[in-house]
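The values are calculated or read from the model by the stated rules, or taken from the named source; none is laboratory data. Since the model is a prediction, treat every value here as computed from it, not as a measurement. Heads up, the Cβs are rebuilt from the backbone with ideal geometry, glycines too, and the neighbour counts pull from every protein chain shown.
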Amino acid sequence: MTTPVPRRARSTRPVEPPAAQEARAEQPRARAPRAEQLDDVEQPAADQLKKAYRWMLVARRIDDTMWTLRRQGKGHFVVSSAGHEAIGAAAGLAADQETDFLAPHYRDLAACLAWGLQPREVMAHYFGRAADPCTGGRQPYAHWGSSERRIISQEGPQPNVVSHAVGVAFANRRLGSRGVVWIAFGDGGAQKGEVHEAMNFASIHRLAVVFCIENNLYTQSVPLRLESSVPDLSVRAASYGMPGASVDGMDLLAVYPLARQAVARARRGEGPSLIEARAYRYMPNTSNDDDTRYRSREEVDTWRQRDPIARLRAHLLHSGALSETSAAELENEVSQEVAEAATWAEAQPDAQPHDALLHTWADGSVRPLAWMDD
């Protein structure tokens with residue numbers, strides 16, 4: 001005896017009134033921008049490109065210095081930004097640091113430099129010194145944050161900062177601010193439910209937000225094919241009614257037009273956009289990771305041929321914005337600045353136990369823990 005196939009249950013969704021259907025049909029539908037739609041976005045002037053190149057150089061030199069210090073037994077936990085520099089630098093050029101907020105990915109050192117963090121401050125953060133403006137020496141490296149510079153505090157659990165940053169955008173709306181919030185997170189973070197909630201809320205309220213997925217193909221050791229059923233993460237934008245596009249995140253000249261267009265759109269009050277910037281991290285996930293267990297040296301070497309710093313340098317030389325001599329002088333200047341910053345930061349005092357609760361509650365509401373001085 002065969003078991004009868006049950007009929008499909010009828011939908012219990014309420015029928016939308018005709019008036020509501022007509023009103024919704026009249027709303028403009030967002031379409032994802034394509035590369036050919038970006039021809040009207042001018043590339044940055046030569047002086048702007050040189051500024052971006054400097055941010056990228058400083059970020060890479062700091063990165064190299066931290067790995068050296070760790071090998072010498074002087075440094076601690078390292079989270080590398082090598083390979084991601086063009087994304088943060090493009091965001092820095094596209095945004096207005098006087099009004100716009102940055103919610104950085106933990107590999108966004110170049111973006112933090114663009115928003116005003118100085119090499120001395122970055123190295124103080126790395127050494128966990130009291131002079132660390134990000135966490136006061138309380139959190140491991142790459143927990144960015146600076147209220148004075150509009151850098152929204154990074155958190156350990158990823159990507160919690162996304163919903164908090166959307167909250168900042170909502171506050172901007174209520175306060176009448178024209179500030180845009182640039183929110184960056186990784187391909188792993190993009191799979192979290194909190195990102196869905198944040199994108200949905202931002203889209204409903206047409207908030208001035210740019211979501212940037214920094215897709216470097218791995219969530220720690222997990223490859224993208226085991227994270228997402230679709231290779232193009234930007235297609236998700238359509239489900240929120242916002243424009244979305246994927247771009248070579250290792251080419252500043254490719255990222256900038258999308259970033260500039262998305263920031264301008266948000267500032268005009270037209271709502272959020274989604275950018276998927278495809279990059280590659282050259283170093284292990286962190287200094288605690290052994291990346292040889294999940295990727296080959298040949299793979300890494302292949303991606304090193306697309307180094308974002310080398311590509312921008314070649315463009316600046318070809319365009320005449322830099323000569324070999326001026327490029328070498330700039331690179332030496334950056335090396336000296338970072339070396340001096342590391343020396344200065346290493347000599348700074350550690351954070352003290354008695355002020356551990358500072359910046360946790362409102363000023364004046366916490367008494368110093370005097371007993372911890374004994």
Going by what's in this entry, would E148 be described as out of contact with any Leu (no Cβ under 7 Å at 6 or more places or on another chain), part of a loop (DSSP other than H, G, I, E, B) and of a type in the set (D, E)?
no
In the stretch 226-250, how many are farther than 17 Å from Q191 by Cβ and among the β-branched types (V, I, T)?
1
Per the filter on the stretch 156-189, residues among the charged types (D, E, K, R), in a loop (DSSP other than H, G, I, E, B) and over 13 Å from the mean Cα position of the chain (by Cα) are R178
In the list Y126, Y106, which residue meets the criterion of being closer than 28 Å to A310 by Cα, at pLDDT below 95 and part of a loop (DSSP other than H, G, I, E, B)?
Y106
Looking only at the stretch 268-323, how many residues end up being outside any helix (DSSP H, G or I) and closer than 25 Å to V58 by Cα?
22
Give the residue that is surrounded by the fewest Cβ atoms within 10 Å (Cβ to Cβ), with candidates limited to residues of the stretch 250-264 that are more than 16 Å from the chain's Cα centre (by Cα) and under 14 Å from A86 (Cβ atoms).
L253
Among the numbered criteria (1) in a helix (DSSP H, G or I); (2) free of Cβ contacts under 8 Å to residues at least 60 places away in the same chain, which one does L57 miss?
(2)
Mind listing just one residue for me: the one in the stretch 90-130 that is aromatic (F, W, Y) and touching a strand residue (DSSP E or B) at 6+ places or on another chain (Cβ under 9 Å) and, of those, farthest from T65 (Cα to Cα)?
F101
Could you look through the stretch 81-123, keep only residues that are surrounded by fewer than 24 Cβ atoms within 10 Å (Cβ to Cβ) and small (G, A, S), and pick out the one that is farthest from Q348 (Cα to Cα)?
A82
